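Visitor: Structure in structure tokens, see below.
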Amino acid sequence: MDKLIIEGGEPLRGTVPISGAKNAALPLLMATIVAPGEHRLANLPELADVESMLSLLGRIGCPSLIGPIVRIDTSRVAWCEAPYDLVRKMRASVLALGPLLARCGEAHVSLPGGCAIGVRPIDQHLKGLEALGCTFRMENGYVHGKVDQLRGAEMRLDMPTVTGTENILMAAVLADGHTVIDNAAAEPEVEELGAFLNALGAKVEGAGTPTIRIQGVTSLAPPTRPWSILPDRIETGTYLVAAAITGGDITCENARAGDLVAVLNILEQAGCTVERGEDSIRVARTGPILPVDITTAPHPGFPTDMQAQLMALLSLAGGDSRIRETIFENRFMHVAELLRLGARIDINLNLATVHGVRGLQGATVMATDLRASASLVLAGLAAQGRTEILRIYHLDRGYEKLAEKLSAVGARVRRGEEGRPG
């Protein structure tokens, strides 16, 4: 198993190209199921989660050809099951549920795994799909769904779940009649999915807003041109924080400032200079890091996927910051590892009080989930001495060529093998 070795204390300067968004790519890959034929996707990131999703498609009879443009043939679905050995690696595999029900009238999907950041039930997925006419039973760790005919319906989600919204949306496009999803997730990745489905011939309005309207159609087909995945806003935010935490100057290319309004505002409040370009974002810091209070919220609020990274930054602020986590109940698992690097953080339920310190010191730490891993990388970049991050397979799930991109802007970082001296 690999580890990441960082010699910290160097300001990072330069340009980072941003990859396609993992959280957009995964639902788009599943959406290909509802439109039989060959799909072509560009800017698909080389990530473990994407590889797992392509393996899942292959398992159900939809092979792919990997290249600069990935080709996926969904002409035939031979098997309507997403098995445990694939789903346990990645919670987003549950996104097979809606498309398989729409395409085959049945689906057998293992209950999901993924990051250990708290219980993330799929009750809203099932609630919405049941409104469309599906029936479900739970047996031996699987969700078994069936439907004779999907029928449009009006529904209101109890919370704006992203994957729940996406699952319902992918089924509703082939339902008979009109569907309204109220209190829908409004993240850019949901908007991207709606646009992709429309390119397949669907009739979706309002994706990326709290109310999505879908007029069902009888069939869909792959788009005539390759579809390019939008840039990853969380990867973008992570590299911008790398500039801030090291006192550096980084420009992210192929980046959309409009998707990161809340994050960029917080970075400005924390003492950074932020320049928003048409397809680039620059962040630089020369003065002290200022304390900031943050509350995570559904888009367009501050994203929970950037909470750990900002905590690393604020651990070096000149004062106390407060971070309130409202999305997941167990997303402070990185705190114990940040403490090993010299941070001072108190936890009270869903509130973290970050007491800024003068500096961090390198240590051996262990990643617990994807974004926690990113926070440890950021802290290691700012720490004096060597930091070794174990269990970095989490990073491989969400950051394409992380070590190479950081090295290109001046970081002293490399991969090694656990159990061997660096």
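Only the coordinates and a few stated rules stand behind these numbers; no lab work does. All figures in this text were calculated on a predicted structure; none of them were measured in a lab. Cβ sites come from the backbone with ideal geometry, for glycine too, and all protein chains shown count toward neighbours.
Visitor: If you scale each eigenvalue of the Cα gyration tensor by 5 and take the root, what three semi-axes come out for segment 266-422, rounded to whole angstrom and sorted largest first?
Guide: On the way: eigenvalues 106, 74, 56 Å².
They are 23, 19, 17 Å, listed from largest to smallest.
Visitor: Take the alpha carbon atoms of segment 137-154, find their center, do the same for segment 320-362, and report the distance between the two centers in whole angstrom.
Guide: Between the Cα centres of segment 137-154 and segment 320-362 lies a distance of 41 Å.
Visitor: For segment 22-228, give the share of DSSP beta bridges that are antiparallel, in percent and rounded to the nearest 5; count only bridges with both residues there. Mind dumping the intermediate values first?
Guide: Working: 25 of 34 bridges.
Roughly 75 percent of the DSSP beta bridges within segment 22-228 come out antiparallel.
Visitor: What ranking, highest mean first, results for peptides 266-273, 144-151, 189-196, 164-171 when packing means the other Cβ atoms within 10 Å averaged over each residue? Provide the component values of the computation, followed by the final result.
Guide: Working: 266-273: 19.2, 144-151: 17.1, 189-196: 23.8, 164-171: 28.6.
Top of the packing list down: 164-171, 189-196, 266-273, 144-151.
Visitor: Tally Lys and Arg at +1 and Asp and Glu at -1 over the other residues with C-beta under 9 Å from the C-beta of L157: what net charge comes out?
Guide: Numbers: positive: K127, R156; negative: D158, D182.
Neighbourhood net charge equals 0.
Visitor: With both partners inside the chain, how many of the DSSP beta bridges are antiparallel, as a percent to the nearest 5? Working shown, then result.
Guide: Details: 55 of 76 bridges.
So the antiparallel bridges in the chain amount to around 70 percent.
Visitor: Cα axis of helix 233-246 to longest principal axis of the chain: angle in degrees, 0 to 90, nearest 10?
Guide: With both axes taken from Cα atoms, the answer is about 0 degrees.
Visitor: If you place +1 on the Cβ of every Lys and Arg and -1 on the Cβ of every Asp and Glu, how big does the dipole about the Cα centre of segment 241-394 come out, in debye to the nearest 20? Write down the numbers at each step before the final one.
Guide: Numbers: 13 positive and 16 negative charges, 86 e Å.
That gives segment 241-394 a dipole magnitude of about 420 debye.
Visitor: Quick check: the angle from helix 188-199's long axis to the longest principal axis of the chain, C-alpha only, nearest 10 degrees?
Guide: Once rounded, one gets 30 degrees.
Visitor: Is there a quick way to get the dipole size of segment 22-228? I mean about its Cα centre, with the Cβ of Lys and Arg at +1 and of Asp and Glu at -1; what is the value in debye to the nearest 20?
Guide: Values: 18 positive and 22 negative charges, 55 e Å.
The dipole magnitude comes to about 260 debye.
Visitor: Using only Cα atoms, what Kirkwood radius does the chain have, in angstroms?
Guide: Values: mean 1/r = 0.0457 Å⁻¹.
Hydrodynamic radius (Kirkwood, Cα pairs) of the chain is 21.9 Å.
Visitor: Go through segment 208-215 residue by residue and turn each phi into a ³J(HN,Hα) via Karplus (6.51, -1.76, 1.60, θ = phi - 60°); whole Hz please, and just put x for glycine and proline.
Guide: x, 10, x, 10, 10, 10, 10, 9
Visitor: Could you tell me which of G342, T273, A317 has its Cα farthest along the dipole of the chain towards the positive end, charges placed at Cβ (Lys, Arg +1; Asp, Glu -1), taken about the Cα centre?
Guide: G342
Visitor: Let me ask you something else. Would you be so kind as to identify which of L370, W79, N167 lies farthest towards the positive end of the dipole of the chain, taking Lys and Arg as +1 and Asp and Glu as -1 on Cβ and the Cα centre as origin?
Guide: Toward the positive end, the furthest listed residue is L370.
Visitor: In debye, nearest 20, what is the charge dipole magnitude of the chain about its Cα centre with +1 on Lys and Arg Cβ and -1 on Asp and Glu Cβ, if you could check? Kindly include the intermediate steps, with their values, before the conclusion.
Guide: On the way: 41 positive and 48 negative charges, 113 e Å.
Here the size comes out at about 540 debye.
Visitor: Ok, one more. Pick out which of T238, T179, T326 has the largest mean-square fluctuation in a Gaussian network model of the chain, springs linking Cα atoms closer than 10 Å.
Guide: T326
Visitor: What is the angle, in °, between the Cα long axis of helix 48-59 and the longest principal axis of the Cα atoms in the chain? Nearest 10 is fine, range 0 to 90.
Guide: 20 degrees
Visitor: Here's something else I'd like to know. Could you give the nm distance between label points at V217 and D182, where each point is 7 Å from its Cα heading toward the beta carbon?
Guide: Reported label-point gap for V217 and D182 is 2.7 nm.
Visitor: Need the full-extension length gain, S228 to I66, defined as separation in residues times 0.36 nm minus the C-alpha distance. One decimal, nm. Intermediate values should be presented prior to the final figure.
Guide: Working: separation 162, 0.36 × 162 = 58.32 nm, distance 1.46 nm.
So the chain would gain 56.9 nm between S228 and I66.
Visitor: Cut-off under 18 Å on the C-alpha distance; same-chain residues fewer than 8 positions from K405 excluded. Which lysines are left, in chain and number order?
Guide: Qualifying lysines at Cα under 18 Å: K3, K22.
Visitor: Now for a separate question. Taking only DSSP H segments of four or more residues, each worth -39500 (n - 2.57), what value at 222 nm results for the chain once the sum is divided by all its residues, to the nearest 500 deg cm²/dmol? Show your work: numbers first, answer last.
Guide: Numbers: 14 runs with 129 residues, N = 422.
About -8500 deg cm²/dmol.
Visitor: Something else about it: When only C-alpha pairs under 8 Å and at least 6 residues apart count, what is the relative contact order of the chain, in percent? If you can, show how the numbers build up before the last one.
Guide: Working: 1072 pairs, mean separation 87.9, N = 422.
Result for the chain is 21 percent.
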